[in-house]
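Working notes, beginning with the structure itself.
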Amino acid sequence: MFYALATGKVRLPGVKFDHVLCDIETLNNAAHRETYDVTAVSFYGYSFVADKYVLLDCGASFGENYGPIVVSHNTLKATEIAGKRIGKGSRVVLRPAPGRSDAQDMFLAGRAALVEAVLLDVDDTAYLAVTLAADEAADLQAAHGRFLYFAPDEVEPDTSDPDTSERDAGAADTSEPSTTEAGR
């Protein structure tokens with residue numbers, strides 16, 4: 001929300017915002033004093049001001065240099081990574097970028113993932129929406145649109161599975177599940 005308003009990507013005629021840049025602790029304290037009409041607070045800080053502010057469903061801040069990543073509904077069929085077309089159904093190995101990733105992403109380094117979509121943010125930067133290959137809750141998370149997001153330079157094609165590494169990225173997988181997969 002902040003980025004889109006601050007850069008003029010979203011315009012609200014007749015509404016003026018004063019952007020106050022502060023660390024989250026300062027903003028938590030300001031919210032406690034009801035200094036601003038709209039403000040960011042930490043999840044922990046919100047518990048102390050829940051009676052004074054309404055939690056909006058339009059943003060949250062998670063890693064990658066702090067702010068939320070806003071993803072549009074515009075999707076690409078595929079993107080090229082290490083000379084291979086990677087798109088929905090492709091298997092990749094996660095390689096989070098040091099200095100750009102949060103701790104949660106760093107714990108996922110080396111894990112196999114399935115690409116669910118290639119998405120563009122408001123600056124037309126591509127991101128891969130993925131689910132973890134070995135995550136038992138992946139189907140449930142995908143059904144609810146809950147994905148992990150990685151930049152194309154934070155993944156590499158998974159060459160350990162020849163069937164998926166050669167799959168035409170973006171094409172539907174029409175193969176029947178194996179006995180092992182069907183038994184899950």
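The values are calculated or read from the model by the stated rules, or taken from the named source; none is laboratory data. Treat the numbers as computed from the prediction; the structure is a model and nothing was measured. A quick note on method: Cβ atoms are made from the backbone with ideal geometry, for glycine too, and the neighbour counts reach across all protein chains shown.
Look at region 16-48 and say how many of its residues are among the aliphatic types (A, V, I, L, M), at pLDDT below 85 and more than 26 Å from residue 124 (Cβ to Cβ). Show your work before the answer.
Looking only at region 16-48, we keep the residues that are among the aliphatic types (A, V, I, L, M), and these are 20-21, 24, 27, 30-31, 38, 40-41.
Now restrict to residues that are at pLDDT below 85: 20-21, 24, 38, 40-41.
Next, only the ones that are more than 26 Å from residue 124 (Cβ to Cβ) stay: 20, 24, 38, 41.
Residues that pass the stated criteria total 4.
Restricting attention to region 126-146, the residues that are assigned to a loop (DSSP other than H, G, I, E, B) and under 11 Å from the mean Cα position of the chain (by Cα) add up to 2. For residue 80, indicate whether it is modelled with pLDDT of 90 or more and assigned to a strand (DSSP E or B). In short, no.
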